[in-house]
Amino acid sequence: MNLVDINTLFGTEEKCRELLVRLRWPEGPRCLRCKMPVVRLETEKQLFYCKDCDYQFSVTTGTVFNDTHLPLTKWFLVTHLLCEAKKGMSALQIKRTVGMAYKTAWYLCHRIRHAMTQTDKPMLDGKVEMDVTYVGGWNRNKGQIGKFDNKEVVIGIRKRNGDLRFFHAHDAKSGTLARYIRENISEDVDVIFTDDHMANLAAMRKAGRKNHKTINHSSGVYVMGDIHTNTVESAFSLLKRGIAGTWHRISAKHLPAYLEEMEFRFNRRNRSDLFLDTLRHMVTSSSLTFQELTA
Ligand SMILES: [Zn+2]
């Protein structure tokens, strides 16, 4: 689906609402409170009414769309833009492209991103790569010692030919790495590939994962047969280009949400229903108020 299709298929509020209803309730609309079937009221806003508990609501009630003043057609356009932009898109760019206030664009992007965080994350198995990278912060004059002082730690775990996970971690010590291994990598994983950093070796021991192979980055070797961490590193490079080129400066507070957005899009990169799947997440997600976001 391209921008012209979106504009043709979902060019009116009514068409947008119809799609959201189908995505939210594939078997027909149900009451949000008592789950009973409801009737559609003949109103401009397409409200639903539940006779059983006397409750009135719309398809967007309780979701990230909750209380929005923005036309759904604009929501749809921005969702499409975020789905298509591999490295993400800044609120400033959205402001210019779609035509809205910066603050509106910023809040809108965060709500779409919020919906993208609400996914199932099965344990990874097969051949899994794990690596650590550092983002943000600039310590130009501190030399090697202070290099990572105000940078944020991102842990990447990726199943080859499969899913990616990004995490914003407090540090890259072995205990922290072991926790992410236990929480994300299946006990019957075939093999875990990392570089030969000491923390990785200790982390595998602590997490009780024995099938571990390392590549000697410390002696300048990057690939040995199928032993490498190149596929997780290519995901890191996409993330870094996204941060450098589109988001400019991300606060540590919002970093986890940006990571989730990158992960969501990356794991669906070959799916033709990415746009619909994103909308499905949006219309089944919880709400996110401006106060919650800026607290
Ligand atoms: Zn009800």
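The values are calculated or read from the model by the stated rules, or taken from the named source; none is laboratory data. Here the structure is a predicted model, which is why all the values come from computation and not from measurement. Cβ atoms come from the backbone with ideal geometry, glycine included; neighbour counts cover every protein chain shown.
With the condition kept exactly as written, say whether any residue in segment 171-182 is assigned to a strand (DSSP E or B) and at pLDDT 85 or above. Taking every residue of segment 171-182 in turn, none turns out to be assigned to a strand (DSSP E or B) and at pLDDT 85 or above. Screening residue 190 on (1) surrounded by 13 or more Cβ atoms within 10 Å (Cβ to Cβ); (2) within 18 Å of residue 232 (Cβ to Cβ); (3) not polar (S, T, N, Q) shows it passes everything except condition (1).
Can you find, within segment 193-216, the residue that is nearest to residue 120 (Cα to Cα) among those that are touching an Asp or Glu at 6+ places or on another chain (Cβ under 6 Å) and either among the charged types (D, E, K, R) or crowded, with 18+ Cβ neighbours inside 10 Å (or both)?
Initially, segment 193-216 is screened for residues touching an Asp or Glu at 6+ places or on another chain (Cβ under 6 Å), giving 193, 214-216.
Now narrow it down to the ones that are either among the charged types (D, E, K, R) or crowded, with 18+ Cβ neighbours inside 10 Å (or both): 193, 214-215.
Working: 193: 24, 214: 29, 215: 31 Å.
Ranking the candidates gives 193 first.
Of the residues making up segment 30-65, those that are of a type outside the set (Gly, Ala, Ser), within 14 Å of the ligand (Cβ to nearest atom), closer than 30 Å to residue 291 by Cα and out of contact with any Cys (no Cβ under 7 Å at 6 or more places or on another chain) are 30, 32, 35, 47, 48, 49, 54, 56, 57, 61.
Against the criterion of being in a helix (DSSP H, G or I) and touching a Ser or Thr at 6+ places or on another chain (Cβ under 7 Å), residue 244 does not qualify. If you check 12, 68, which single one turns out to be more than 16 Å from the ligand (Cβ to nearest atom), touching a Phe, Trp or Tyr at 6+ places or on another chain (Cβ under 9 Å) and among the polar types (S, T, N, Q)? The conditions single out 68.
Has segment 206-217 got any residue that is in contact with a Lys or Arg (Cβ under 6 Å, 6 or more places away or on another chain) and either assigned to a helix (DSSP H, G or I) or in contact (Cβ under 8 Å) with a residue 12 or more places away in the chain (or both)? Checked against the condition, which is being in contact with a Lys or Arg (Cβ under 6 Å, 6 or more places away or on another chain) and either assigned to a helix (DSSP H, G or I) or in contact (Cβ under 8 Å) with a residue 12 or more places away in the chain (or both), segment 206-217 yields at least one hit. Mind telling me which of the residues 239, 259, 274, 255 ends up being surrounded by 13 or more Cβ atoms within 10 Å (Cβ to Cβ) and closer than 29 Å to residue 30 by Cβ? When all the criteria are applied, what remains is 274.
Mind listing whichever residues of segment 234-271 are farther than 27 Å from residue 294 by Cβ, in contact (Cβ under 8 Å) with a residue 60 or more places away in the chain and not hydrophobic (A, V, I, L, M, F, W, C)? Listed by number, the residues that qualify are 241, 267, 269.
Per the conditions (1) within 16 Å of the ligand (Cβ to nearest atom); (2) of a type in the set (Lys, Arg); (3) without any contact (Cβ under 8 Å) to a residue 60 or more places away in the chain, the sole criterion not satisfied by residue 24 is (3). Would you call residue 104 over 21 Å from residue 280 (Cα atoms), away from the ligand (no atom under 16 Å from the Cβ) and at pLDDT 95 or above? Considered against the rule, which asks whether it is over 21 Å from residue 280 (Cα atoms), away from the ligand (no atom under 16 Å from the Cβ) and at pLDDT 95 or above, residue 104 comes out as yes. If you go through segment 277-287 and pick out every residue that is outside any loop (DSSP other than H, G, I, E, B) and under 15 Å from the mean Cα position of the chain (by Cα), you end up with 6.
Output yes when any residue across segment 55-64 is surrounded by 18 or more Cβ atoms within 10 Å (Cβ to Cβ) and closer than 23 Å to residue 258 by Cα, and no when none is.
Residues of segment 55-64 surrounded by 18 or more Cβ atoms within 10 Å (Cβ to Cβ): 58-60, 63-64.
Filter once more, so that each one left must be closer than 23 Å to residue 258 by Cα: 63-64.
Yes; the residues of segment 55-64 include at least one that is surrounded by 18 or more Cβ atoms within 10 Å (Cβ to Cβ) and closer than 23 Å to residue 258 by Cα.
Residues in segment 245-268 include none that are farther than 30 Å from residue 83 by Cα, in contact with a strand residue (DSSP E or B) (Cβ under 6 Å, 6 or more places away or on another chain) and of a type in the set (A, V, I, L, M).
Among the helices (runs of 4 or more DSSP H) contained in segment 24-118, which hold 3 or more residues that are under 29 Å from residue 268 (Cα atoms) and charged (D, E, K, R)?
Details: elements: 72-84, 91-94, 102-116.
Because the criterion is at least 3 residues that are under 29 Å from residue 268 (Cα atoms) and charged (D, E, K, R), the helices (runs of 4 or more DSSP H) in segment 24-118 that meet it are 102-116.
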